[in-house]
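Reading through the structure tokens given below for one structure.
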Amino acid sequence: MGCYQETNKKKKSKENETSKPNTKITENHTKISTKLDQIPEEKNENDIKASEEEKKDELNNGEERINEEIKIEQNKEEEENKDNLKNKNFYPERNIDSVINEKEGEGNKNENDRENNNTSEPKKDEEEKVKIIEPTEEKKEILKDFTNTRTFYGHSEKVTAITQLNSGKIATGSYDNTIRIWDLNDKEKTTEDKIIRENGRIFTLLEFKDNKLLCGTSENLINLWDLDSSPNICEYSFAGHELWVNCIVKIDEQRFASASNDAKIKIWDYFRRECLKELTGHTDCILSLILLQNGKFCSGSADTTIKIWNPENSECIQTLTGHEKWVKCVFELDNGIIISGSDDWTIKLWKLGEDYNYYLLNTIKEHKHSVRTFCQIDRRHFASGSFDSTIKIWEIDTWNCVETLTGHTSNIIGLINLKVNGRIAIASCSNDKNIKIWEKDIDVGEN
């Protein structure tokens, strides 16, 4: 995903490796020199001149072979170093471009940069600011209950959006410009029931009412699809955002809100097909948007802040700071605590005070890369998905990680809690192009 950066330590290591003599090449040079030394002396002047010319030619050929071998070895080392860097997930620091510059001609930011921006390991001075909550040994020994029961295949690019429909089916969106519908009831089926072709990449999905699906795209539009029609029909396109639409949330039975890379939140009337309000205040892409239990909005942005909004008067009533890098996701637990995930590899917990302002409760750092998505499993647990390819299950009372789910081979992009009779289940989507279902039995007292 773009260029790779090396730490000073890696650079020194590379310089030391390249400065070491190549034993194989030295041996070849020695053999050539030895062979030239063994040429016998000639008797006449013409033969001597011819011998000297042959000696020069052979020496030149030998040097050419040596230089060629040196180039081959250097190229091989460079390729190995690139592979090593890829395997260790080194990513570049990138300055955040302003939305104003994007409007003036830079267009949409590259999605790879958007996902992997500022994901290098925090510096020591940053780590000192973080209060790290480590799970106790007792919690680490808890048996892993979740099992990957099914994996859905079909998308040809990264899967970047996931939601459960009122019918119980799952809808997913991808960089392959398709929406796919999956049936959970058919236990043997691992392919999609339906494919809808979009005109751009898909970042978010929301079923506003039965079989009416809103889709946020890289075309800066929110498209409304009728899932009952055959073939499926795009009934309307809500236009107004100037860059990619990353988030859509339902406010009530008539209104929904959207957030975009243009750093704006828009409130729409679903039936009148019009934009009612616009909320501004962020200075970079809005990557996450939720509706809180108290009716307020909460948004996370690439400007590293979290904002609380009053949607009725379009005012930002509080700005939460503390993350060092992009805020990729925000989520409200049933107990009212807001959790946020960031490119600084941390999860932060925010609690509402008696003065109706949010305060930082704690910071958790256990993921080894950006924290990208959340979902609540039950009243006692929530899950987080990360670019380290893992899903972690957390106990809400203690904030201990009680389980780590592995199986995806690339960045986790989305998590949702599934409604499955008699079992607890979650679904995940990833840059590995797959959707996985994770299930466990309900224990006594679980809910």
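Laboratory data are not the source of any read-out in this text; all were calculated from the coordinates shown. Keep in mind the model is a prediction, meaning the values are calculated, not measured. Using ideal geometry, Cβ is built from the backbone for each residue, glycine included, and neighbour counts are taken over all protein chains shown.
Distance between the pseudo-spin-label points of Asp334 and Glu395 (7 Å out from Cα toward the beta carbon): 1.7 nm. Modelled label positions at Glu315 and Leu292, each set 7 Å beyond Cα in the direction of Cβ, lie 1.4 nm from each other. Extension gain, Arg379-Thr151: 0.36 nm per intervening residue step, less the Cα-Cα distance, totals 79.5 nm.
Evaluating 6.51 cos²θ - 1.76 cosθ + 1.60 at θ = phi - 60° for every residue in the range 233-240, the Karplus couplings come out as 10, 7, 6, 6, 10, 7, 10, x Hz, glycine and proline recorded as x.
For the pair Lys351 and Glu235, the difference between a 0.36 nm per residue extended length and the Cα-Cα distance amounts to 37.7 nm.
In this structure, the residue pairs whose Cα-Cα separation is over 29 Å, taken from Lys169/Lys392; Lys266/Lys392; Lys189/Lys250; Lys365/Lys433, are Lys266/Lys392; Lys189/Lys250. For Lys433, the residues whose amide H sits under 5 Å from its own are Val159, ignoring neighbours fewer than 5 places away on the same chain, with H placed 1.01 Å from N. Each Lys and Arg Cβ is given +1 and each Asp and Glu Cβ -1; about its Cα centre, the range 150-222 then shows a dipole of about 80 debye.
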